[in-house]
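Here it is: the structure, laid out below.
The values are calculated or read from the model by the stated rules, or taken from the named source; none is laboratory data. Every value quoted in this text rests on a predicted model; they were computed, and no experiment measured them. Every residue, glycine as well, gets a Cβ built from its backbone with ideal geometry; the counts of neighbours run over all protein chains shown. Remember, those area values only see protein heavy atoms, side chains included, never the ligands or the DNA or RNA. Shrake-Rupley method; radii C 1.70, N 1.55, O 1.52, S 1.80 Å.
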Amino acid sequence: MRDTASSPLPFIDLQAQRSRISDQIDAAIRRVLDHGAFIMGPEVADVESQLAERTGAAHCLTCASGTDALILPLMAADIGPGDAVLVPSFTFTSSPEVVALRGATPVFVDVDPHTFNMDADSLKAGLSAAEQAGLSAKAIMTVDLFGQPVDFDPIRDIADQNGLWILDDAAQAFGATYKGSPLGTLGRVTGTSFYPSKPLSCYGDGGAVLTDDTDLYERMKCVRVHGNGGGSADAKCLGLTARFDSIQAAVLLEKLKIFDDECAERNDVAQRYSDGLSDVVQTPQLIDDATSVWAQYTLVSDRRDTIVETLAAEGIPTALFYPRPLHAQGPYRSYPVAGNGLPVTDRLAEQVVSLPMHPYLEPDAQARIIAAVRAALSS
Ligand SMILES: Cc1ncc(COP(=O)(O)O)c(C=O)c1O
(Lines give C-alpha, C1' and ligand atoms only; values in the text may rest on other atoms or scores of the structure.)
Protein backbone atom coordinates (compact mmCIF):
# COMPACT_ATOMS: atom_id res chain seq x y z
CA MET A 1 0.00 0.00 0.00
CA ARG A 2 1.37 3.41 -0.96
CA ASP A 3 1.74 6.06 1.67
CA THR A 4 -0.62 9.01 1.48
CA ALA A 5 -0.21 12.25 3.37
CA SER A 6 -2.46 11.21 6.24
CA SER A 7 -2.55 7.40 6.38
CA PRO A 8 -1.37 6.04 9.73
CA LEU A 9 2.06 4.41 9.54
CA PRO A 10 3.10 1.27 11.44
CA PHE A 11 6.08 1.46 13.79
CA ILE A 12 7.29 -1.93 12.52
CA ASP A 13 5.69 -3.44 9.41
CA LEU A 14 5.66 -7.20 9.93
CA GLN A 15 2.82 -7.57 7.44
CA ALA A 16 4.96 -6.18 4.60
CA GLN A 17 7.56 -8.81 5.39
CA ARG A 18 4.88 -11.48 5.57
CA SER A 19 3.47 -10.65 2.16
CA ARG A 20 6.95 -10.97 0.70
CA ILE A 21 7.46 -14.54 1.94
CA SER A 22 4.02 -15.74 3.00
CA ASP A 23 3.99 -18.76 0.66
CA GLN A 24 7.35 -19.96 1.91
CA ILE A 25 6.43 -19.44 5.58
CA ASP A 26 3.07 -21.15 5.20
CA ALA A 27 4.75 -24.13 3.52
CA ALA A 28 7.44 -24.29 6.21
CA ILE A 29 4.85 -24.29 8.99
CA ARG A 30 2.83 -26.93 7.17
CA ARG A 31 5.88 -29.20 7.00
CA VAL A 32 6.14 -29.05 10.79
CA LEU A 33 2.43 -29.74 11.17
CA ASP A 34 2.90 -32.76 8.93
CA HIS A 35 5.95 -34.28 10.65
CA GLY A 36 4.63 -33.47 14.13
CA ALA A 37 7.95 -33.05 15.97
CA PHE A 38 6.81 -29.76 17.48
CA ILE A 39 9.56 -29.28 20.04
CA MET A 40 13.25 -29.48 19.08
CA GLY A 41 12.39 -31.00 15.71
CA PRO A 42 14.74 -31.06 12.70
CA GLU A 43 14.23 -27.34 11.98
CA VAL A 44 15.75 -26.52 15.37
CA ALA A 45 19.00 -28.35 14.60
CA ASP A 46 19.03 -26.76 11.15
CA VAL A 47 18.62 -23.23 12.46
CA GLU A 48 21.29 -23.81 15.12
CA SER A 49 23.83 -24.88 12.53
CA GLN A 50 22.95 -21.95 10.26
CA LEU A 51 23.27 -19.41 13.08
CA ALA A 52 26.61 -20.88 14.17
CA GLU A 53 27.87 -20.83 10.60
CA ARG A 54 26.76 -17.24 10.01
CA THR A 55 28.50 -15.95 13.12
CA GLY A 56 31.52 -18.22 13.12
CA ALA A 57 30.66 -19.36 16.66
CA ALA A 58 31.58 -22.97 17.44
CA HIS A 59 28.19 -23.62 19.05
CA CYS A 60 24.65 -22.31 18.86
CA LEU A 61 21.96 -23.34 21.31
CA THR A 62 18.46 -22.11 20.56
CA CYS A 63 16.09 -21.52 23.45
CA ALA A 64 12.63 -20.26 24.30
CA SER A 65 13.39 -16.52 24.57
CA GLY A 66 16.11 -13.90 24.65
CA THR A 67 15.76 -13.82 28.41
CA ASP A 68 16.51 -17.56 28.55
CA ALA A 69 19.53 -16.88 26.34
CA LEU A 70 20.89 -14.67 29.13
CA ILE A 71 20.00 -16.79 32.14
CA LEU A 72 21.28 -20.07 30.60
CA PRO A 73 24.94 -18.94 30.64
CA LEU A 74 24.60 -17.47 34.14
CA MET A 75 23.18 -20.78 35.40
CA ALA A 76 25.76 -22.83 33.53
CA ALA A 77 28.59 -20.71 34.92
CA ASP A 78 27.11 -20.94 38.41
CA ILE A 79 26.82 -17.19 38.93
CA GLY A 80 24.91 -16.64 42.16
CA PRO A 81 24.80 -14.96 45.56
CA GLY A 82 27.85 -12.83 46.35
CA ASP A 83 28.71 -12.43 42.67
CA ALA A 84 28.40 -9.18 40.76
CA VAL A 85 27.63 -8.75 37.08
CA LEU A 86 28.23 -5.29 35.63
CA VAL A 87 25.31 -4.24 33.44
CA PRO A 88 24.08 -1.00 31.87
CA SER A 89 20.98 0.61 33.35
CA PHE A 90 19.89 1.96 29.96
CA THR A 91 18.60 -1.31 28.52
CA PHE A 92 15.62 -3.66 28.52
CA THR A 93 14.62 -5.20 31.85
CA SER A 94 15.88 -8.68 31.02
CA SER A 95 19.55 -7.70 31.20
CA PRO A 96 19.69 -7.08 34.98
CA GLU A 97 16.65 -9.27 35.66
CA VAL A 98 18.43 -12.53 34.92
CA VAL A 99 21.31 -11.55 37.20
CA ALA A 100 18.93 -10.78 40.06
CA LEU A 101 16.97 -13.98 39.39
CA ARG A 102 20.18 -15.92 40.00
CA GLY A 103 20.55 -14.23 43.40
CA ALA A 104 23.62 -12.41 42.10
CA THR A 105 23.93 -8.61 42.13
CA PRO A 106 23.59 -6.43 39.05
CA VAL A 107 25.90 -3.42 39.38
CA PHE A 108 24.59 -0.65 37.16
CA VAL A 109 26.91 1.18 34.78
CA ASP A 110 26.38 4.30 32.67
CA VAL A 111 26.38 4.52 28.87
CA ASP A 112 27.95 6.69 26.22
CA PRO A 113 25.65 9.61 25.30
CA HIS A 114 26.06 9.09 21.54
CA THR A 115 26.10 5.30 21.08
CA PHE A 116 23.87 4.46 24.10
CA ASN A 117 26.23 1.56 24.88
CA MET A 118 28.32 0.78 27.95
CA ASP A 119 30.86 3.44 28.89
CA ALA A 120 34.29 2.01 29.79
CA ASP A 121 35.09 4.63 32.46
CA SER A 122 31.78 4.01 34.16
CA LEU A 123 32.51 0.28 34.00
CA LYS A 124 35.71 0.89 36.00
CA ALA A 125 33.70 2.90 38.55
CA GLY A 126 31.19 0.03 38.66
CA LEU A 127 33.96 -2.40 39.54
CA SER A 128 34.95 -0.18 42.47
CA ALA A 129 31.30 -0.05 43.56
CA ALA A 130 31.14 -3.86 43.45
CA GLU A 131 34.30 -4.11 45.55
CA GLN A 132 33.03 -1.59 48.09
CA ALA A 133 29.82 -3.62 48.39
CA GLY A 134 31.91 -6.71 49.21
CA LEU A 135 30.92 -8.48 46.00
CA SER A 136 33.02 -10.68 43.80
CA ALA A 137 32.75 -9.32 40.25
CA LYS A 138 32.48 -12.22 37.81
CA ALA A 139 31.16 -10.98 34.48
CA ILE A 140 30.28 -7.97 32.37
CA MET A 141 27.01 -7.97 30.49
CA THR A 142 27.48 -5.78 27.45
CA VAL A 143 24.30 -4.79 25.59
CA ASP A 144 24.37 -3.94 21.87
CA LEU A 145 21.57 -1.46 22.17
CA PHE A 146 19.29 -0.62 19.26
CA GLY A 147 21.31 -2.93 16.97
CA GLN A 148 24.78 -1.40 17.34
CA PRO A 149 27.69 -3.36 18.86
CA VAL A 150 29.24 -2.08 22.03
CA ASP A 151 32.85 -0.90 21.62
CA PHE A 152 34.28 -4.25 22.74
CA ASP A 153 38.03 -3.51 22.75
CA PRO A 154 38.21 -1.17 25.77
CA ILE A 155 35.70 -3.31 27.64
CA ARG A 156 37.61 -6.49 26.88
CA ASP A 157 40.79 -4.83 28.22
CA ILE A 158 39.03 -4.11 31.51
CA ALA A 159 37.56 -7.63 31.56
CA ASP A 160 40.99 -9.19 31.00
CA GLN A 161 42.69 -7.01 33.62
CA ASN A 162 40.08 -8.03 36.19
CA GLY A 163 39.59 -11.69 35.32
CA LEU A 164 35.99 -11.16 34.17
CA TRP A 165 34.14 -12.73 31.28
CA ILE A 166 31.77 -11.02 28.87
CA LEU A 167 28.16 -12.07 28.34
CA ASP A 168 27.03 -10.09 25.33
CA ASP A 169 23.32 -9.29 25.26
CA ALA A 170 22.82 -9.04 21.50
CA ALA A 171 19.02 -9.43 21.76
CA GLN A 172 18.60 -6.41 19.48
CA ALA A 173 21.68 -6.84 17.35
CA PHE A 174 21.98 -10.26 15.73
CA GLY A 175 23.64 -9.66 12.34
CA ALA A 176 25.69 -6.62 13.40
CA THR A 177 29.49 -6.66 13.13
CA TYR A 178 32.40 -5.24 15.11
CA LYS A 179 35.74 -4.82 13.34
CA GLY A 180 34.63 -7.30 10.71
CA SER A 181 33.44 -9.98 13.16
CA PRO A 182 29.75 -10.83 13.49
CA LEU A 183 28.29 -10.65 16.99
CA GLY A 184 28.31 -14.12 18.45
CA THR A 185 32.02 -14.53 19.03
CA LEU A 186 32.96 -11.28 20.73
CA GLY A 187 32.15 -12.28 24.29
CA ARG A 188 32.65 -15.64 25.96
CA VAL A 189 28.96 -16.08 25.25
CA THR A 190 26.37 -14.09 23.30
CA GLY A 191 22.60 -14.19 23.77
CA THR A 192 20.04 -13.03 21.23
CA SER A 193 16.26 -12.80 20.93
CA PHE A 194 13.87 -13.64 18.09
CA TYR A 195 10.93 -11.75 19.60
CA PRO A 196 8.72 -10.56 16.71
CA SER A 197 9.96 -6.96 16.77
CA LYS A 198 13.65 -7.91 16.60
CA PRO A 199 15.57 -7.57 13.30
CA LEU A 200 15.73 -11.37 13.00
CA SER A 201 12.47 -12.58 14.45
CA CYS A 202 10.08 -15.49 14.59
CA TYR A 203 6.31 -15.52 15.14
CA GLY A 204 6.43 -15.98 18.88
CA ASP A 205 9.12 -16.12 21.55
CA GLY A 206 12.57 -17.48 20.84
CA GLY A 207 16.25 -16.92 21.41
CA ALA A 208 19.71 -18.36 20.96
CA VAL A 209 23.05 -18.52 22.69
CA LEU A 210 26.32 -18.54 20.75
CA THR A 211 29.68 -19.52 22.17
CA ASP A 212 33.08 -21.01 21.39
CA ASP A 213 33.29 -22.46 24.90
CA THR A 214 32.45 -26.17 24.52
CA ASP A 215 32.29 -26.86 28.22
CA LEU A 216 29.87 -23.98 28.84
CA TYR A 217 27.81 -25.05 25.81
CA GLU A 218 27.43 -28.58 27.17
CA ARG A 219 26.34 -27.24 30.54
CA MET A 220 23.86 -24.81 28.96
CA LYS A 221 22.45 -27.67 26.93
CA CYS A 222 21.81 -29.52 30.16
CA VAL A 223 20.20 -26.52 31.85
CA ARG A 224 17.99 -25.88 28.80
CA VAL A 225 15.97 -29.04 29.52
CA HIS A 226 15.51 -29.53 33.26
CA GLY A 227 19.17 -30.15 34.00
CA ASN A 228 19.23 -33.39 32.02
CA GLY A 229 19.60 -31.99 28.52
CA GLY A 230 16.47 -33.84 27.46
CA GLY A 231 18.37 -37.03 26.77
CA SER A 232 18.84 -38.60 30.18
CA ALA A 233 16.72 -39.70 33.11
CA ASP A 234 19.22 -38.16 35.53
CA ALA A 235 19.28 -34.45 36.26
CA LYS A 236 22.87 -33.22 36.53
CA CYS A 237 21.84 -29.75 37.71
CA LEU A 238 18.77 -27.55 38.09
CA GLY A 239 17.32 -26.53 34.78
CA LEU A 240 14.52 -24.86 32.86
CA THR A 241 11.98 -25.54 30.14
CA ALA A 242 13.92 -23.40 27.71
CA ARG A 243 13.52 -25.45 24.54
CA PHE A 244 12.84 -23.89 21.14
CA ASP A 245 9.92 -25.09 19.08
CA SER A 246 9.99 -26.33 15.53
CA ILE A 247 7.37 -23.95 14.07
CA GLN A 248 9.38 -20.95 15.26
CA ALA A 249 12.57 -22.48 13.89
CA ALA A 250 10.83 -23.08 10.56
CA VAL A 251 9.80 -19.41 10.43
CA LEU A 252 13.34 -18.32 11.25
CA LEU A 253 14.79 -20.50 8.49
CA GLU A 254 12.62 -18.71 5.92
CA LYS A 255 13.39 -15.27 7.35
CA LEU A 256 17.13 -16.01 7.35
CA LYS A 257 16.96 -16.25 3.55
CA ILE A 258 16.03 -12.57 3.28
CA PHE A 259 17.84 -11.33 6.38
CA ASP A 260 20.93 -9.87 4.67
CA ASP A 261 18.74 -8.00 2.23
CA GLU A 262 16.58 -6.69 5.08
CA CYS A 263 19.66 -5.52 6.99
CA ALA A 264 20.82 -3.62 3.91
CA GLU A 265 17.38 -1.99 3.67
CA ARG A 266 17.50 -1.07 7.36
CA ASN A 267 20.83 0.63 6.78
CA ASP A 268 19.37 2.61 3.86
CA VAL A 269 16.45 3.70 6.03
CA ALA A 270 18.83 4.78 8.80
CA GLN A 271 20.96 6.71 6.33
CA ARG A 272 17.91 8.57 4.97
CA TYR A 273 16.88 9.52 8.51
CA SER A 274 20.37 10.77 9.31
CA ASP A 275 20.60 12.72 6.05
CA GLY A 276 17.24 14.34 6.75
CA LEU A 277 17.60 15.06 10.46
CA SER A 278 21.17 15.34 11.68
CA ASP A 279 21.25 19.12 11.18
CA VAL A 280 18.31 19.66 13.57
CA VAL A 281 18.54 16.95 16.24
CA GLN A 282 20.99 14.42 17.74
CA THR A 283 20.85 11.36 15.49
CA PRO A 284 22.47 7.98 16.28
CA GLN A 285 26.24 7.67 15.88
CA LEU A 286 27.98 4.48 14.82
CA ILE A 287 31.39 3.66 16.26
CA ASP A 288 34.22 3.20 13.76
CA ASP A 289 34.44 -0.11 11.98
CA ALA A 290 31.09 -1.43 13.17
CA THR A 291 27.79 -2.13 11.46
CA SER A 292 24.34 -1.91 13.03
CA VAL A 293 21.16 -3.79 12.22
CA TRP A 294 19.12 -0.79 13.33
CA ALA A 295 16.63 -2.45 15.64
CA GLN A 296 15.70 1.13 16.52
CA TYR A 297 16.47 4.55 15.12
CA THR A 298 16.62 6.79 18.16
CA LEU A 299 16.83 10.57 18.43
CA VAL A 300 17.88 12.54 21.50
CA SER A 301 16.07 15.82 22.06
CA ASP A 302 15.11 18.04 24.98
CA ARG A 303 11.92 18.64 22.96
CA ARG A 304 10.93 15.00 22.88
CA ASP A 305 7.34 15.58 23.97
CA THR A 306 6.79 18.00 21.09
CA ILE A 307 8.19 15.45 18.64
CA VAL A 308 5.94 12.70 20.01
CA GLU A 309 2.82 14.88 19.94
CA THR A 310 3.45 16.36 16.50
CA LEU A 311 4.08 12.95 14.95
CA ALA A 312 1.06 11.40 16.66
CA ALA A 313 -1.15 14.13 15.17
CA GLU A 314 0.17 13.10 11.73
CA GLY A 315 -0.55 9.39 12.26
CA ILE A 316 3.13 8.60 12.88
CA PRO A 317 3.87 6.36 15.88
CA THR A 318 6.94 6.78 18.06
CA ALA A 319 8.27 4.71 20.97
CA LEU A 320 10.27 5.50 24.07
CA PHE A 321 13.11 3.04 24.68
CA TYR A 322 13.61 3.48 27.64
CA PRO A 323 11.72 6.13 29.58
CA ARG A 324 12.74 4.98 33.06
CA PRO A 325 16.26 3.88 33.97
CA LEU A 326 16.32 0.40 35.42
CA HIS A 327 18.34 1.42 38.49
CA ALA A 328 15.39 3.70 39.43
CA GLN A 329 12.76 0.95 39.11
CA GLY A 330 11.32 -0.90 42.12
CA PRO A 331 13.05 -4.30 41.97
CA TYR A 332 16.44 -2.76 41.15
CA ARG A 333 16.62 0.29 43.41
CA SER A 334 18.75 -1.33 46.08
CA TYR A 335 21.54 -2.51 43.76
CA PRO A 336 24.84 -0.62 43.49
CA VAL A 337 25.44 1.94 40.75
CA ALA A 338 28.78 3.10 39.36
CA GLY A 339 30.23 6.36 40.68
CA ASN A 340 27.85 8.99 41.99
CA GLY A 341 24.92 7.99 39.83
CA LEU A 342 24.29 7.50 36.14
CA PRO A 343 23.76 11.00 34.68
CA VAL A 344 23.82 9.98 31.01
CA THR A 345 21.26 7.22 31.57
CA ASP A 346 19.05 9.61 33.57
CA ARG A 347 19.16 12.24 30.81
CA LEU A 348 18.63 9.79 27.95
CA ALA A 349 15.56 8.37 29.67
CA GLU A 350 14.04 11.86 29.46
CA GLN A 351 15.17 12.68 25.93
CA VAL A 352 15.17 9.60 23.68
CA VAL A 353 12.50 8.94 21.09
CA SER A 354 12.52 6.19 18.47
CA LEU A 355 11.06 6.61 15.00
CA PRO A 356 9.38 3.95 12.85
CA MET A 357 12.10 1.57 11.64
CA HIS A 358 11.78 -1.50 9.44
CA PRO A 359 13.16 -2.67 6.09
CA TYR A 360 9.93 -1.88 4.23
CA LEU A 361 9.74 1.82 5.10
CA GLU A 362 9.33 3.51 1.72
CA PRO A 363 11.15 6.78 0.97
CA ASP A 364 7.88 8.74 0.58
CA ALA A 365 6.59 7.61 3.98
CA GLN A 366 9.97 8.35 5.47
CA ALA A 367 10.00 11.82 3.95
CA ARG A 368 6.73 12.43 5.78
CA ILE A 369 8.28 11.36 9.09
CA ILE A 370 11.35 13.51 8.55
CA ALA A 371 9.20 16.54 7.64
CA ALA A 372 7.09 16.03 10.77
CA VAL A 373 10.16 15.88 13.05
CA ARG A 374 11.58 19.00 11.43
CA ALA A 375 8.22 20.79 11.80
CA ALA A 376 8.07 19.80 15.48
CA LEU A 377 11.52 21.19 16.14
CA SER A 378 10.88 24.45 14.34
CA SER A 379 7.60 25.16 16.14
C1 LIG B 1 18.40 -5.78 25.27
C2 LIG B 1 17.45 -6.92 25.45
N3 LIG B 1 17.82 -7.97 26.21
C4 LIG B 1 17.02 -9.03 26.39
C5 LIG B 1 15.77 -9.08 25.81
C6 LIG B 1 14.89 -10.25 26.12
O7 LIG B 1 14.42 -10.92 24.99
P8 LIG B 1 13.02 -11.74 25.05
O9 LIG B 1 11.93 -10.73 25.06
O10 LIG B 1 13.07 -12.56 23.82
O11 LIG B 1 13.05 -12.54 26.29
C12 LIG B 1 15.33 -8.02 25.03
C13 LIG B 1 13.98 -8.04 24.41
O14 LIG B 1 13.35 -7.04 24.19
C15 LIG B 1 16.20 -6.90 24.83
O16 LIG B 1 15.82 -5.87 24.09
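Among the listed residues V32, V44, which satisfies the condition of being over 25 Å from the mean Cα position of the chain (by Cα), among the β-branched types (V, I, T) and open to solvent by less than 40 Å² (accessible area, probe 1.4 Å)?
V32
What's the total number of residues in the range 281-303 that are open to solvent by less than 60 Å² (accessible area, probe 1.4 Å) and assigned to a loop (DSSP other than H, G, I, E, B)?
10
With respect to G163, determine if the residue is touching a strand residue (DSSP E or B) at 6+ places or on another chain (Cβ under 9 Å), without any contact (Cβ under 8 Å) to a residue 12 or more places away in the chain, assigned by TED's automatic domain parsing to the domain that holds D245 and not hydroxyl-bearing (S, T, Y).
yes
Quick check: is even one residue across the range 48-70 under 27 Å from G229 (Cα atoms) and over 24 Å from the mean Cα position of the chain (by Cα)?
Checked against the condition, which is being under 27 Å from G229 (Cα atoms) and over 24 Å from the mean Cα position of the chain (by Cα), the range 48-70 yields no hits at all.
Same structure again: Is it true that A264 is assigned to a loop (DSSP other than H, G, I, E, B) and closer than 22 Å to I12 by Cα?
Judged against the criteria, A264 is not a match.
What is the residue count in the range 32-79 for residues that are among the aliphatic types (A, V, I, L, M) and either under 13 Å from D245 (Cα atoms) or part of a loop (DSSP other than H, G, I, E, B) (or both)?
Count: 14.
Looking at the range 163-185, which of the residues that are open to solvent by 20 Å² or more (accessible area, probe 1.4 Å) and away from the ligand (no atom under 15 Å from the Cβ) is farthest from N267 (Cα to Cα)?
My answer is G163.
Do you know which of the residues in the range 195-209 that are out of contact with any helix residue (DSSP H, G or I) (no Cβ under 6 Å at 6 or more places or on another chain) and open to solvent by less than 80 Å² (accessible area, probe 1.4 Å) is farthest from the ligand (Cβ to nearest atom)?
Only one residue tops the list, namely P199.
For the range 210-245, which residues satisfy the criterion of being within 22 Å of the chain's Cα centre (by Cα) and open to solvent by 70 Å² or more (accessible area, probe 1.4 Å)?
Within the range 210-245, D212, K221, T241, R243 qualify.
I'd like the residue in the range 246-280 that is free of Cβ contacts under 8 Å to residues at least 60 places away in the same chain and open to solvent by less than 30 Å² (accessible area, probe 1.4 Å) and, out of all such residues, is farthest from the chain's Cα centre (by Cα).
S274
I'd like to know if the range 84-97 contains one or more residues that are more than 28 Å from T318 (Cβ to Cβ) and either over 20 Å from the mean Cα position of the chain (by Cα) or open to solvent by 30 Å² or more (accessible area, probe 1.4 Å) (or both).
yes
Follow-up question, since we're still on this one. So which pairs qualify, if the first residue must be in the range 183-204 and closer than 13 Å to K255 by Cβ, the second must be among the hydroxyl-bearing types (S, T, Y) and within 10 Å of the ligand (Cβ to nearest atom), the Cβ gap must be under 6 Å, and the two must be at least 6 apart or on different chains?
Going by the 6 Å Cβ cut-off, the qualifying pairs are F194/S201.
Please verify whether the range 165-185 includes one or more residues that are more than 22 Å from K124 (Cα to Cα), under 17 Å from the mean Cα position of the chain (by Cα) and of a type in the set (V, I, T).
Yes, that holds for at least one residue.
When you scan the range 122-136, do you find a residue that is within 12 Å of the ligand (Cβ to nearest atom), acidic (D, E) and open to solvent by 40 Å² or more (accessible area, probe 1.4 Å), even just one?
No; the residues of the range 122-136 include none that is within 12 Å of the ligand (Cβ to nearest atom), acidic (D, E) and open to solvent by 40 Å² or more (accessible area, probe 1.4 Å).
With the structure loaded, tell me whether D364 is under 24 Å from S19 (Cα atoms), surrounded by fewer than 21 Cβ atoms within 10 Å (Cβ to Cβ) and in contact with an Asp or Glu (Cβ under 9 Å, 6 or more places away or on another chain) or whether it fails that test.
In short, yes.
If R224 satisfies all but one of (1) at pLDDT 95 or above; (2) charged (D, E, K, R); (3) away from the ligand (no atom under 16 Å from the Cβ), what's the number of the condition it fails?
(3)
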